[in-house]
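Colleague: Sending over a structure as structure tokens; questions will come in a sec.
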Amino acid sequence: MNAGDRVRVERAGQTYEGVLLPSTTPEHLVVKLEGGYNVGIDRSDADVDVLESDVYDVEDGDAEAESEVEFDEDLPTISLISTGGTIASTVDYRTGAVTAQFDAEDVLRAVPDLAGLANYRGRVVANILSENMTPDVWQELAGVVAEEIEQGADGVVVMHGTDTMQFTASALAFMLDTPVPIVFTGSQRSADRPSSDNVMNAVCAVEAAKSDCAEVLVCMHEDESDEDCALHRGTRVRKNHTSRRDAFETVGRKPLGRVDYDERAVTFRREHAERDDSEARRASETSSGEQPGDAELAVSDDLNPDVALVKFTPGTDEAVLDLAAEKDGIVIEGTGLGHVHSDWIDRIDEITDAGTPVVMTSQCLDGRVCDRVYDTGRDLLDAGVIEGEDVLPGTAKVKLMWALANSQNIAETMRTPIAGEITDRSVPWK
């Protein structure tokens, strides 16, 4: 029995059939199943039948081998920052599981297509599941990104789990004025699957990080094909599917641009020639005329994480506001134009009178809040609610965290575009 043989393994009442892969320990078998997944099996009490010998030529890789990242003075320098996730993962042959890799050498080993596109530096901020991301990690990440830019990085790629990537991208968009692209990317499907998107997303993210769009972007598959990645503004993007490779969409606009994977070409859309948030504190799009290096790096990384996001649905008791009232800020995800049951209004009035800002957003996927149309909305305004314009609810929560720590006038800040999170008007974009 050798690596490359097709085998059938039976253990503890389970049967596994596939190609035997190398293992770093004698105690485990690693089998690549027909569906592309790898499984690690304890050899003890396992019955193995060789169905066919030498089906594939599988080399035993040297787990201790080191790779070097060579410096080319003609190439830009891109900082690769890992927070966890599967984007740069490889298979652990001890168990067959997918494990995250960290430094620049590991990333290049996992995604060799990146070689020759840029010079790379690698940093590790965290090794956590995306759902375990916290505001204090956002702050640490902002500091590391700033350090990399100060040390001469021409662009930054942040490798992040997809489930909460939109929140982290929003946080960095508020915390950093950046003279270079900061590009988030991830992988919907792990490296051991034939349909994995990790290579294409990583390559396109590096190309975007070499561009002249100096702001926070999210780079993921534009559709289910392997042709283009879309470039989404970090404050306007939302994950809209649990597992599709094109899960991320820009809400309220088309994406800022795209990266052609085969051509390694980055283009930005003409409709973004006129900025939709002219009052923003930065003018960072390619079409604005500001090039990487023109703007100065500025860091405002103070956050107050004590913010609740409350979703209203029919039948929700206003008592849910009692717990939220203990927070320093509240974002409500209301219905339609920004409504809640009339029974909520008196409690909201009490909360705002006590000095806690309450921001109203909409659970609709497009459009903006307008509490001046119906009586409920007008009553909410009288109760002190701040209209959230067309800010996405998750982005509004992150922005309120930032505003509480950096602004003296919360209402004005929440109504003012800071990082492209508010558009000037809501128009059809599909």
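Colleague: Given the conditions (1) over 28 Å from C364 (Cβ atoms); (2) at pLDDT below 85, and given that A265 satisfies all but one, which numbered condition is not satisfied?
Modeller: Unmet condition: (2).
Colleague: Same structure, new question: Restricting to segment 332-354, and then to whatever is small (G, A, S) and open to solvent by 60 Å² or more (accessible area, probe 1.4 Å), can you tell me which residue is nearest to D375 (Cα to Cα)?
Modeller: Restricting to residues being small (G, A, S) and open to solvent by 60 Å² or more (accessible area, probe 1.4 Å), the top hit is S342.
Colleague: If I ask for residues that are closer than 19 Å to R347 by Cβ and in contact with a helix residue (DSSP H, G or I) (Cβ under 9 Å, 6 or more places away or on another chain), which ones from segment 370-387 would you list?
Modeller: D371, D375, T376, D379, L380, D382, A383, G384, V385, I386, E387 - these are the residues of segment 370-387 that are closer than 19 Å to R347 by Cβ and in contact with a helix residue (DSSP H, G or I) (Cβ under 9 Å, 6 or more places away or on another chain).
Colleague: Got at least one residue in segment 407-416 being modelled with pLDDT of 95 or more, under 27 Å from N240 (Cβ atoms) and in contact with a helix residue (DSSP H, G or I) (Cβ under 7 Å, 6 or more places away or on another chain)?
Modeller: Among the residues of segment 407-416, at least one is modelled with pLDDT of 95 or more, under 27 Å from N240 (Cβ atoms) and in contact with a helix residue (DSSP H, G or I) (Cβ under 7 Å, 6 or more places away or on another chain), which makes the answer yes.
Colleague: Of the residues that sit in segment 129-143 and are buried (at least 17 other Cβ atoms within 10 Å of the Cβ) and hydrophobic (A, V, I, L, M, F, W, C), which one is nearest to A298 (Cα to Cα)?
Modeller: Only one residue fits best here, namely A142.
Colleague: Considering segment 380-411 alone, what residues qualify as being surrounded by 19 or more Cβ atoms within 10 Å (Cβ to Cβ) and acidic (D, E)?
Modeller: Residues satisfying the conditions are E387, E389, D390.
Colleague: Here is a check on your reading of the model: is L51 assigned to a strand (DSSP E or B), among the hydrophobic types (A, V, I, L, M, F, W, C), at pLDDT 85 or above and open to solvent by less than 30 Å² (accessible area, probe 1.4 Å)?
Modeller: no
Colleague: Select from segment 369-384 the residues that are in a loop (DSSP other than H, G, I, E, B) and either out of contact with any Gly (no Cβ under 8 Å at 6 or more places or on another chain) or aromatic (F, W, Y) (or both) and list them in ascending order.
Modeller: Within segment 369-384, R372, V373, Y374, A383, G384 meet the criteria.
Colleague: Further question on the same structure: Looking at L365, is it part of a loop (DSSP other than H, G, I, E, B) and either surrounded by fewer than 24 Cβ atoms within 10 Å (Cβ to Cβ) or without any contact (Cβ under 8 Å) to a residue 60 or more places away in the chain (or both)? Give the steps one after another, and end with the answer.
Modeller: Details: part of a loop (DSSP other than H, G, I, E, B): yes; either surrounded by fewer than 24 Cβ atoms within 10 Å (Cβ to Cβ) or without any contact (Cβ under 8 Å) to a residue 60 or more places away in the chain (or both): yes.
Yes; evaluated as a whole, the condition is true for this residue.
The values are calculated or read from the model by the stated rules, or taken from the named source; none is laboratory data. This one's a predicted model, so the numbers in the text were calculated from it and none came from an experiment. FYI the Cβ positions are ideal-geometry reconstructions off the backbone, even for glycines, and counts take in every protein chain you see. Surface accessibility is based on the protein's heavy atoms, side chains included, excluding ligands, DNA and RNA. Shrake-Rupley method; radii C 1.70, N 1.55, O 1.52, S 1.80 Å.
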